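Colleague: Before we start, here is the structure in question, set down as structure tokens.
The values are calculated or read from the model by the stated rules, or taken from the named source; none is laboratory data. Because the structure is predicted, anything quoted here is derived from the model rather than measured. Backbone-built Cβ (ideal geometry, glycine too); neighbour counts: all protein chains shown. Please note that ligands, DNA and RNA were not included when accessible areas were found on the heavy atoms of the full protein model with its side chains. Shrake-Rupley method; radii C 1.70, N 1.55, O 1.52, S 1.80 Å.
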Amino acid sequence: EVQLVESGGGLVQPGRSMKLSCAASGFTFNNYDMAWVCQAPKKGLEWVATISYDGSTTYYRDSVKGRFTISRDNAKSTLYLQMDSLRSEDTATYYCARYLYYFDYWGQGVMVTVSS
Amino acid sequence: IQMTQSPASLSASLGETITIECRASEDIYSNLAWYQQKPGNSPHLLIYDGSKLADGVPSRFSGSGSGTQHSLKINSLQSEDVASYFCQQYNIYNTFGAGTKLELK
């Protein structure tokens, strides 16, 4: 059974950093591209970033370029999202998802609240 | 690419057939997926490549369309179908529609 379990969320002040993790199991992690998708409270879904199966290629939405970094450790079957210079508008639930151009499996999500 | 999803909300009766539309700002071919999100849960893939049913998804769900116009149809509405539904284009990067909240009448 495919499982994606996010961790690392919480309350953080504007301008500070936070790192999210996503532990994957139930599939061969290093065969798949992965992604982060966020959802602000009571809002819709927004793609954040994507990383290729081997970590060699990454893509970001414009609003997070230069502030967020997606990475992976295939030996640990873990996906990461390093979020720097956080803004109030980054407040959202962050989901990790397996990426096949569409998102076929999703984690349960982790809440990130950016507030002073 | 912008995705315009309609309606924003929908109220329907059990057993009814409903349709949700997504219009893309440019041709996305069949590079479109549909997701269901029940309250408090993460999204769940229903349809990919415009019309292909994801594993385990009931056959009362169907997707159609190509180019800029796409739709999700739910036949014989069940109580467990109460949820929000989102489309996603993946022709160029990824963009989601704003969502449709489906309620029972």
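Colleague: Show the residues, 5+ positions off or on another chain, whose built amide H is closer than 5 Å to the amide H of residue A:33.
Modeller: A:53, A:99
Colleague: For chain A, would you read off the P(r) tail past 23 Å as a percentage of all alpha carbon pairs?
Modeller: Of the Cα pairs, 21 percent sit more than 23 Å apart.
Colleague: Going from most exposed to least, what order do A:65, A:76 have by accessible area with a 1.4 Å probe?
Modeller: Final ranking, largest accessible area leading: A:76, A:65.
Colleague: What Rg and what Dmax come out for region B:1-82 when only alpha-carbon atoms are used, in angstroms?
Modeller: Computed over the Cα atoms of region B:1-82, radius of gyration and Dmax are 12.6, 35 Å.
Colleague: Follow-up. If you count only protein heavy atoms with a 1.4 Å probe, what accessible area per residue comes out for the protein assembly as shown, rounded to a whole Å²?
Modeller: 47
Colleague: Okay, next question. Cα to Cα, under 17 Å, and not fewer than 8 places away if on the same chain: which aspartates and glutamates meet these conditions relative to residue B:52?
Modeller: List returned: A:104, B:21.
Colleague: Please list, or write none, the lysines whose alpha carbon is within less than 28 Å of the alpha carbon of residue B:105, excluding same-chain residues fewer than 8 places away.
Modeller: A:42, A:43, B:38, B:73
Colleague: Sequence-distant or interchain residues sharing an amide H contact under 5 Å with residue B:30, placed H: which?
Modeller: B:67
Colleague: I would also like to ask the following. Where does the charge balance sit around residue A:67 when Lys and Arg score +1, Asp and Glu -1, over other residues with C-beta under 9 Å from its C-beta?
Modeller: 0
Colleague: Relative contact order of chain A: what whole-number percent is it, with Cα pairs under 8 angstrom and at least 6 residues apart?
Modeller: Contact order relative to length: 36 percent.
Colleague: Next question, about the same structure. Would you grab the residues whose amide H sits under 5 Å from the one on residue B:47? Only those 5+ places off in sequence or on another chain, please, with H modelled 1.01 Å from N.
Modeller: So residue B:47 has HN proximity to B:34, B:54.
Colleague: Across region A:5-18, in residue order, what do the Karplus-derived ³J(HN,Hα) couplings come to in whole Hz, using 6.51 cos²θ - 1.76 cosθ + 1.60 with θ = phi - 60° and x for Gly and Pro?
Modeller: So the Karplus estimates, Gly and Pro as x, are 10, 7, 8, x, x, x, 9, 9, 7, x, x, 8, 10, 8 Hz.
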